[in-house]
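These notes are about the structure you will find just below.
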């Protein structure tokens, strides 16, 4: 019997899908390029506004300079909201492309599985005969050797298809992980949009109130400046989200000042970061009112979540860390609140600093040495603020420079001081801007 050569015929559906996705990819590339061009243009405008704000703030504070600064801040916040909207649109396109890629990879894996099954069937049919039987089935030695060659070809095809199948599965898992990360980034951007809108409204209200109180007179403004320091009403407006968690403005300032002095960073920067971080988590819907932040459970929102997305090693590490923390404090792990799992990604962050258990363990000893609380408690405001301050100091904030604080803020949200994702840029920009406002009051 002459063995037919083995060919893998593409599934028509998969081929058609490939063509459709290729065309969609071209359209996406053009739209993405246009969005990136708009983002670059807005970035240039943002840099110009930042220079203008810094220049004005370096001058002697007058009513005129204060109004100009507020106007520039309003424009800056409006611009940031526009940039965030574009960034959300861009990540939406990335999600669509990633989904399409996952669909295509899945189709390819199905095709590979079909080809592998066919090849194994052919190989099985020939392996039922011994060498003598195969030789007797052929009229000549050349037919026999052709048949043997075809059999070797089938075996080679099996190896190639198996390799392609394994590579496809590996790529699929990587694409799914990247898709999850892009979805998390988009959710974070959307949360920051809400934070920016609130700060925009606040800045407009501040300007209106300033003009109402001064009636446009410089003398009244200068008098206001003398009484503005440590103005609790002003602090309450700047620490809106922290107050919602049950930490009063007075306590937040006192504890942040203590933590900042212990670690060598600026109080205003620490407060700004904690306020923005709390605001982002609040808008994500993972924080509830009360000093014990979070409405999640370690197993559902942390452990099971990591298991479901294929991160068993991380799940086990976070579980061990969480149990060690709660056991050391004599607490029931099943009743201690953590951040609830958002729409994408996992929860499990603890207390005001929103540290994951493994991250908290890295700072636990140093926090205890500074606060005298051994072991320290991530749900304690003092311990949490100190942990956040240590993290920021290690990440660059101890330099007390804008560059160092930007690197620290980026590390806090992403783990990388050189993060170029738009959420890192927007997050750090919001913190630096808020720190300037808080610094005027402290």
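Here residue 330 passes the criteria (1) surrounded by 19 or more Cβ atoms within 10 Å (Cβ to Cβ); (2) without any contact (Cβ under 8 Å) to a residue 40 or more places away in the chain except the one numbered (1).
Can you confirm whether residue 89 is modelled with pLDDT of 90 or more, more than 22 Å from the chain's Cα centre (by Cα) and either within 24 Å of residue 189 (Cα to Cα) or in a helix (DSSP H, G or I) (or both)? Judged against the criteria, residue 89 is not a match.
Restricting attention to segment 394-417, does a residue exist that is on the phi > 0 side of the Ramachandran plot, over 16 Å from the mean Cα position of the chain (by Cα), at pLDDT 90 or above and assigned to a loop (DSSP other than H, G, I, E, B)? Working first, answer last.
Narrowing segment 394-417 to residues on the phi > 0 side of the Ramachandran plot: 396, 400, 415.
Okay, now just the ones that are also over 16 Å from the mean Cα position of the chain (by Cα), so 396, 400.
Restricting the remaining residues to those that are at pLDDT 90 or above gives 396, 400.
Adding the requirement that they be assigned to a loop (DSSP other than H, G, I, E, B) leaves 396, 400.
Scanning segment 394-417, I find at least one residue that is on the phi > 0 side of the Ramachandran plot, over 16 Å from the mean Cα position of the chain (by Cα), at pLDDT 90 or above and assigned to a loop (DSSP other than H, G, I, E, B), so the answer is yes.
Considering only residues that are surrounded by fewer than 22 Cβ atoms within 10 Å (Cβ to Cβ) and either under 20 Å from residue 283 (Cβ atoms) or without any contact (Cβ under 8 Å) to a residue 12 or more places away in the chain (or both), which ones fall in segment 414-425? Selection gives 414, 415, 416, 418, 419, 420, 421, 422, 425.
Going by the conditions given, is residue 432 out of contact with any helix residue (DSSP H, G or I) (no Cβ under 6 Å at 6 or more places or on another chain) and either surrounded by 23 or more Cβ atoms within 10 Å (Cβ to Cβ) or within 24 Å of residue 202 (Cα to Cα) (or both)? So residue 432 passes the test. For segment 189-236, the set of residues classified as crowded, with 18+ Cβ neighbours inside 10 Å and either without any contact (Cβ under 8 Å) to a residue 60 or more places away in the chain or more than 28 Å from residue 279 (Cα to Cα) (or both) consists of 214, 221, listed by residue number.
Note on segment 418-429: residues that are assigned to a loop (DSSP other than H, G, I, E, B) and in contact with a helix residue (DSSP H, G or I) (Cβ under 8 Å, 6 or more places away or on another chain) total 3. Looking only at segment 378-393, residues that are assigned to a loop (DSSP other than H, G, I, E, B) and crowded, with 24+ Cβ neighbours inside 10 Å come to 1 in all.
Does residue 370 count as more than 20 Å from the chain's Cα centre (by Cα), touching a residue at least 60 places away in the same chain (Cβ under 8 Å) and more than 22 Å from residue 275 (Cα to Cα)? It would help to see each step written out before you state the result.
Values: more than 20 Å from the chain's Cα centre (by Cα): yes; touching a residue at least 60 places away in the same chain (Cβ under 8 Å): yes; more than 22 Å from residue 275 (Cα to Cα): yes.
Yes.
Quick check: anything in segment 117-124 part of a helix (DSSP H, G or I), loosely packed, with under 14 Cβ neighbours inside 10 Å and modelled with pLDDT under 65? Yes.
Of all residues in segment 310-326, which are in contact with a helix residue (DSSP H, G or I) (Cβ under 6 Å, 6 or more places away or on another chain) and either within 18 Å of residue 177 (Cβ to Cβ) or assigned by TED's automatic domain parsing to the domain that holds residue 376 (or both)? Those that are in contact with a helix residue (DSSP H, G or I) (Cβ under 6 Å, 6 or more places away or on another chain) and either within 18 Å of residue 177 (Cβ to Cβ) or assigned by TED's automatic domain parsing to the domain that holds residue 376 (or both): 314, 315, 317, 318. Out of segment 231-260, which residues are under 34 Å from the mean Cα position of the chain (by Cα) and more than 25 Å from residue 376 (Cα to Cα)? 232, 233, 234, 235, 236, 237, 238, 240 - these are the residues of segment 231-260 that are under 34 Å from the mean Cα position of the chain (by Cα) and more than 25 Å from residue 376 (Cα to Cα). Could you check, for segment 328-340, whether at least one of its residues is out of contact with any strand residue (DSSP E or B) (no Cβ under 7 Å at 6 or more places or on another chain), modelled with pLDDT of 95 or more and in a helix (DSSP H, G or I)? Yes; the residues of segment 328-340 include at least one that is out of contact with any strand residue (DSSP E or B) (no Cβ under 7 Å at 6 or more places or on another chain), modelled with pLDDT of 95 or more and in a helix (DSSP H, G or I). Listed by position, the helices (runs of 4 or more DSSP H) contained in segment 237-284 that have at least 2 residues being surrounded by fewer than 20 Cβ atoms within 10 Å (Cβ to Cβ) and in contact with a helix residue (DSSP H, G or I) (Cβ under 8 Å, 6 or more places away or on another chain) are 240-244, 249-263.
The values are calculated or read from the model by the stated rules, or taken from the named source; none is laboratory data. Predicted model, so just to flag it, every value in this text is computed and none were measured. Every residue, glycine as well, gets a Cβ built from its backbone with ideal geometry; the counts of neighbours run over all protein chains shown.
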